[in-house]
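Here's the structure, in structure tokens; my notes come after.
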Amino acid sequence: MNIAARKQAVHPHITRRKNICGGRSVVAGTRIPVWSLIKWYKMGMTVEDIIREFPQLTPAQVHDAFSFYYDNMHEVERDVAENEDEKNLKAMTK
């Protein structure tokens, strides 16, 4: 019998708690959501740029956020889209 076991990826620098950022995935010990780091990266920021912008983060934390993104792409992309929708809604109601 050939049973493929799916390994659960471990992301030691990423956490999710209901009372922090609406339960979205964040860098552990911060309130910096993974989706925001991914958005900055997609806008052209390098890892070094992100660390300059968020000096409290280590390279390991940023790379783990990227790793988490690739393991949970649908979830993080949904978070990006939801936050864009919130931003657009706030802009329209001003």
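No value in this document is a laboratory result; all are computed from the given coordinates. Just so it is clear, the model here is predicted, and its values are computed rather than measured. Positions of Cβ are backbone-derived with ideal geometry, glycine not excepted, and every protein chain shown enters the neighbour counts.
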Count of residues meeting criterion [surrounded by 15 or more Cβ atoms within 10 Å (Cβ to Cβ) and not in a helix (DSSP H, G or I)] in the stretch 21-50: 9
Matching option when the condition is part of a helix (DSSP H, G or I), closer than 18 Å to V10 by Cα and among the β-branched types (V, I, T), among V62, V80: V62
Check on V76, within 14 Å of the chain's Cα centre (by Cα), without any contact (Cβ under 8 Å) to a residue 40 or more places away in the chain and surrounded by 17 or more Cβ atoms within 10 Å (Cβ to Cβ): no
